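The structure appears right after this line, and notes come after that.
The values are calculated or read from the model by the stated rules, or taken from the named source; none is laboratory data. Just so you know, these numbers come straight off a predicted model, no measurement behind them. Note that we place each Cβ from the backbone using ideal geometry, even for glycine, and neighbour counts take in every protein chain shown.
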Amino acid sequence: MQISEDGCLEYDVLVVGGGPAGLSAALQLGRSLRSVLVCDNGEPRNGPAAESHGYLTRDGISPDELRRLGREEVVRYGGEFRNSKVTDVSRGDERFTSTLDSGETITSRKIVLATGVRDALPATEGFRELWGSGVHHCPYCHGYEVRDEPLGVVVTSQHMVEYAKLIYNLSDDLVVFTDGQDVFDEESRSLFVERGIEVEDEPITALNGSDGNLESISLADGRNVVRHALFYPPPMEQHSDLPERLGLEVNQAGLVEATQSEHGIGFTSVDGLFVAGDASSGASPSISSAVADGSTVGATVNMELSIEDFEGGEQ
Ligand SMILES: Cc1cc2nc3c(=O)[nH]c(=O)nc-3n(C[C@H](O)[C@H](O)[C@H](O)COP(=O)(O)OP(=O)(O)OC[C@H]3O[C@@H](n4cnc5c(N)ncnc54)[C@H](O)[C@@H]3O)c2cc1C
């Protein structure tokens, strides 16, 4: 890090977001002798979950601990951190200027947006309180832990039928909740019924439970259906407004469009601005994918910097 004449902190790369994607990008950049600052405002997507699963060698680790270990590794190579939100980014001729909510101003040659996504949760009573503990979106992340339990799955559109088949694999005791939506024709409904899966068409009015455990699901007709876990994949939206403010294209799934070149991946429509992890169309929404994407985007950014330095005769 250097300090410019007007007091700005200067880095080669600013990484916005210190989750698995941002930390992996920062690790690659630090190991490539790049000065890197990671800013994170402490709202990880998997924050509501006590454990994260499916990431080799770290299965069952808490989201906080995974980040702590990641930070430790980045610091080893000179990476710096701010527990701050990046509130604005603008692009000058040669450098980006970014403002932090701490009041600091950062300039950098490149930026990696690893700002993640938010899950747009329904307003149903009890849903938010049980999200990540009794209500799950990902059978790969939390399905094994509730295998063979009385499970529910919300199917409110045709494309969620495939998702319901994943949950069927976890337990013989499965109820499909259509939440009042007209999803099934007779043929597709019978596919479930023939396999002993109950289909509940009443709208869901509340999820009931305590200490993070789902106990039952209340329906509009007054019945309570006992269930110990509910699966529902909510729509995703960008966590940060920076992609929109920077004019980046966000696709129908809510992801920033990332492109690739012969030098790597994670390019956006703004020169020098990269995207990694859940926020990007180039990654699947999981820790292992965010780590892989962040790592490759970090290497891509270093490649770009190396080419610029080599061609400019700088070292
Ligand atoms: C409840 C739940 C449980 C999950 N469990 C698992 C699991 O067990 N296994 C698995 O593989 N995946 C799991 N996932 C998915 C996993 O959380 C994500 O795929 C992963 O966290 C993506 O990493 P990321 O670095 O892209 O984003 P995130 O981990 O979301 O990190 C983005 C970071 O950017 C920060 N940020 C955003 N905007 C700004 C800004 N303007 N300035 C500064 N910082 C900013 C946020 O605060 C956040 O810390 C789970 C998801 C949910 C919702």
| Just checking, which of S280, S289 is touching a helix residue (DSSP H, G or I) at 6+ places or on another chain (Cβ under 7 Å) and among the polar types (S, T, N, Q)? | S280
| message | Can you confirm whether R223 is closer than 23 Å to I167 by Cβ, surrounded by 22 or more Cβ atoms within 10 Å (Cβ to Cβ) and either of a type in the set (A, V, I, L, M, F, W, C) or away from the ligand (no atom under 12 Å from the Cβ) (or both)? | response | no
| field | The listed residue being assigned to a loop (DSSP other than H, G, I, E, B) and either in the same structural domain as V38 (by TED's automatic domain parsing) or more than 22 Å from V297 (Cα to Cα) (or both), out of S108, S133, S98 | value | S133
| Flag for V176 being without any contact (Cβ under 8 Å) to a residue 60 or more places away in the chain and closer than 14 Å to L230 by Cα | yes
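Just for the range 272-291: of the residues that are assigned to a loop (DSSP other than H, G, I, E, B) and farther than 15 Å from P63 by Cα, which one is farthest from the ligand (Cβ to nearest atom)? If you could, list the steps in order and put the result at the bottom.
Step one: of the range 272-291, the residues assigned to a loop (DSSP other than H, G, I, E, B) are 272, 276, 281-286.
The next check asks that each one be farther than 15 Å from P63 by Cα; those that pass are 272, 276, 281-284.
Working: G272: 18, A276: 7, S281: 12, G282: 11, A283: 7, S284: 8 Å.
Once the filter is applied, the top-ranked residue is G272.
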| remark: Inside the range 138-162, the number of residues satisfying the requirement of being within 15 Å of the ligand (Cβ to nearest atom), part of a helix (DSSP H, G or I) and either touching a Phe, Trp or Tyr at 6+ places or on another chain (Cβ under 9 Å) or not hydroxyl-bearing (S, T, Y) (or both) is 5
| Given the residues G212, G254, which is the only one that is touching a Ser or Thr at 6+ places or on another chain (Cβ under 8 Å) and within 16 Å of the ligand (Cβ to nearest atom)? | G212
| said: Going residue by residue through the range 143-162, is there one that turns out to be closer than 30 Å to A258 by Cα and among the charged types (D, E, K, R)? | reply: yes
| request: Hey, can you tell me all the residues within the range 237-251 that are within 11 Å of the ligand (Cβ to nearest atom) and either assigned to a helix (DSSP H, G or I) or free of Cβ contacts under 8 Å to residues at least 40 places away in the same chain (or both)? | output: D241, L242, P243, R245
| Has the range 187-197 got any residue that is farther than 24 Å from G143 by Cα and in contact with an Asp or Glu (Cβ under 9 Å, 6 or more places away or on another chain)? | no
| Selection count where residues are more than 10 Å from the ligand (Cβ to nearest atom) and touching a Phe, Trp or Tyr at 6+ places or on another chain (Cβ under 7 Å), scope the range 49-89 | 1
| Can you tell which of G254, G266 is touching a strand residue (DSSP E or B) at 6+ places or on another chain (Cβ under 6 Å), farther than 25 Å from G92 by Cα and not in a helix (DSSP H, G or I)? | G254
